[in-house]
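**Q** Sharing a structure here in structure tokens format.
The values are calculated or read from the model by the stated rules, or taken from the named source; none is laboratory data. Model, not experiment: these values are computed from the prediction. Methodologically, a virtual Cβ is constructed for each residue, glycine included, from the backbone with ideal geometry; neighbour enumeration extends over all protein chains shown. Heads up: the accessible areas ignore ligands, DNA and RNA and are worked out on the full protein's heavy atoms, side chains in. Shrake-Rupley method; radii C 1.70, N 1.55, O 1.52, S 1.80 Å.
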Amino acid sequence: MITINTNKLEYKLIAVPNNETNINILDKPSCVTFISESKTFYLVIKKDSMSYLRQLKLGLASFIQMCKGDTNIDFNSFVKAIPNVNKEIIFNVICDVILFETHKFITYKKDVKTNDYLFNIDQSEDFSDLLDENILKNKYVNYARDLQDFPPNIGTSDFYGEKLLKDSSKIEGLKVSVLKNKELKELDMNLVLAVNQGSNHDANVVVMEFNNNPGGKKIALVGKGICFDTGGYDLKPSAFIEGMKFDMTGAAIVMSIAMALAEAKAKINFVAIGLFTDNKIGQKAVLPESIIKSKNGLTVEISNTDAEGRLVLADGITYAIREKNADVIYDIATLTGATAMALGESASGVFTEFDEMWKKLNEASNYTTERFWRLPIFAEHKEQVKNDSVLADLTNSCKKGPGGSTAAAFLTFFAEDKEFLHIDCSRVVRVGLKGQGYIVKTMFELLKNN
């Protein structure tokens, strides 16, 4: 729990640039030392190759693990230690780390210790509204993390459809529906159904709608929700199977953003679409070189069954435009190994032909300290998506070239000249086998005053 300016608590956390205050402090960036006599934790933040904010994040995470009781945080000491950074950003980071590290995460272990201490941010300015917003944002960061972490035998498409319908129905003004195979057939969402063919569960396309900006644009958020990705008949080798339960992360993020915006009563009109299904093998699974007609009428040659994410996104984007009259589209997906190789765990890849969309996202990310990097969609990438198909309008997997860009280029054929931005977040959204709920804060910040 976080408060501001409550009564003095038993312990104290102070940021210091070195060990001048106490010679027993370990004088290394981001390191935390506890001095028992004064019941004080000292976090060293100093000029170093590691950025100030990274030192703050790592140091606070260490402090939470070491914490011994209710603690006052000397906010002004952090402001002094971190030059040329907005006070609000420092405050946000402190809230982010505390709420992240103290979250009671999904676990199936018998005995798990949780941290229920009180953390009071002792500072002079009135940040009460900012604290409330941070608590709300991080509630849904943690909600996304929980969705990510469910094991694949529990986290099926049916499970997510039922859970999201139940949880989101508690939020005033948020309209929710779930489309299963029968409805998807009626809507000609054949690409989703093709990916779903090998599954023993129906696809569950969760649709959340919220209208609180009369006359404003309709924003679409589309998320890839592959609950487990074997690769289909283009089967992944065992080394690449680990973590494939996280292939539903895009949908988890999109659903969480939608719920956060609705609970905040943001001035926005949106439709959020989470496309939950599996990509499995079996007698009914789609075969390589199959030709499938998409919802928007273009035919797609399935050159690689392991390039399934762009298929469900394509139909989801068309649904948002043609059935829900979306004006602007954002999609979020753990889409390509190519983008993961390019950016690793450092940033999410962003692909858009609309400079203003990138500018606004980048500004929001500077405030939330989540990182994004823009990558190109060139004309030749679009040409390749068409030319590499033998029998259809498009291929779902090009023979060579930059896989992240050609995947994004494929999606542009379904955006129908609407403002469109694609986020490929394959590696930043998890650390090992733990979800991170990444991107929720940035998209909330971007869209809350849309």
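**Q** By per-residue mean of other Cβ atoms within 10 Å, what is the highest-first order of 340-349, 142-151, 126-135?
**A** 142-151, 340-349, 126-135
**Q** At a 10 angstrom cut-off on C-beta neighbours, averaged per residue, how do the peptides 422-429, 369-376 rank from highest to lowest?
**A** 422-429, 369-376
**Q** Oh, and also: Report Rg/Rh for the stretch 168-255, rounded to two decimals, where Rg is the Cα radius of gyration and Rh the Kirkwood radius.
**A** 1.04
**Q** Starting at the first residue of the stretch 197-207, write each ³J(HN,Hα) from the Karplus equation 6.51 cos²θ - 1.76 cosθ + 1.60 with θ = phi - 60°, in whole Hz, x for Gly and Pro.
**A** Working through the residues one at a time gives 3, x, 8, 8, 10, 4, 5, 10, 9, 8, 10 Hz.
**Q** Under the √(5λ) rule applied to the eigenvalues of the Cα gyration tensor, what semi-axes describe the equivalent ellipsoid of the stretch 1-108? Give them in Å, descending.
**A** That gives 20, 17, 14 Å for the three semi-axes.
**Q** Where does the stretch 60-187 land on Rg(C-alpha)/(2.2 N^0.38 Å)?
**A** For the stretch 60-187, the normalised Cα radius of gyration comes out at 1.40.
**Q** Now a separate question. Starting from the Cα of Ile241, step 7 Å along the direction of its Cβ; do the same at Thr3; then give the gap between the two resulting points in nm.
**A** Calculated label separation equals 5.1 nm.
**Q** When the Karplus curve 6.51 cos²θ - 1.76 cosθ + 1.60 is applied with θ = phi - 60°, which whole-Hz ³J(HN,Hα) does each residue of the stretch 367-380 get, with x for Gly and Pro?
**A** 6, 8, 6, 7, 10, 9, 9, 7, 10, x, 10, 9, 4, 5
**Q** Can you grab the distance from the C-alpha centre of the stretch 389-407 to the C-alpha centre of the stretch 170-212, Å, no decimals?
**A** After rounding, the separation between the Cα centres reads 26 Å.
**Q** Rg to Rh for the stretch 348-450: what is it, with Cα atoms only and Rh by Kirkwood?
**A** That ratio equals 1.02.
**Q** Cα-based Rg of the stretch 240-323 per 2.2 N^0.38 Å, rounded to two decimals?
**A** After normalising by residue count via 2.2 N^0.38 Å, the value is 1.32.
**Q** Can you list the HN-Hα couplings for the stretch 266-276, worked out from phi with the Karplus curve (6.51, -1.76, 1.60; θ = phi - 60°), rounded to whole Hz and with x for Gly and Pro?
**A** 4, 7, 7, 10, 9, 10, 10, 10, x, 9, 9
**Q** Note down the nm distance, to one decimal, between modelled labels 7 Å out along Cα→Cβ at Asp129 and at Lys175.
**A** Label at Asp129, label at Lys175, 3.1 nm between them.
**Q** Along the principal axes of its C-alpha atoms, what lengths does the stretch 270-427 span, in descending order and rounded to whole Å?
**A** 48, 35, 31
**Q** Over the chain, calculate the relative contact order: mean separation of alpha carbon pairs under 8 Å at least 6 apart, over the residue count, as a percent.
**A** After rounding, I find 15 percent.
**Q** Then there's this: Binned at 5 Å from 0, what are the whole-percent values of the Cα-Cα distance distribution for the stretch 281-327, short to long?
**A** 5, 20, 26, 22, 13, 9, 4, 1
**Q** Among Cys95, Leu43, Val195, whose Cα projects farthest towards the positive end of the dipole of the chain, with charges put on the beta-carbon of Lys, Arg (+1) and Asp, Glu (-1)?
**A** Leu43
**Q** State the percentage of accessible surface on the stretch 210-295 attributable to carbon and sulfur atoms; use a 1.4 Å probe and exclude ligands, DNA and RNA.
**A** 54 percent
**Q** Keeping every protein chain present and rolling a 1.4 Å probe, give me the accessible area per residue for the chain in Å².
**A** 43 Å²
**Q** Next question, about the same structure. For Lys400 and Asn22, FRET efficiency with R0 = 51 Å and r from the beta-carbon atoms, rounded to 0.05?
**A** 0.30
**Q** Skipping prolines and chain starts, which residues have an amide H placed within reach, meaning under 5 Å, of the one on Ser389, given they are 5 or more residues away or on another chain?
**A** Here Thr395 satisfy the definition.
**Q** Working from the pairwise distances between different alpha carbons, so that the mean of 1/r is found and then inverted, what is the stretch 1-47's Kirkwood radius in Å?
**A** Computed over Cα pairs of the stretch 1-47, the Kirkwood hydrodynamic radius comes out at 11.5 Å.
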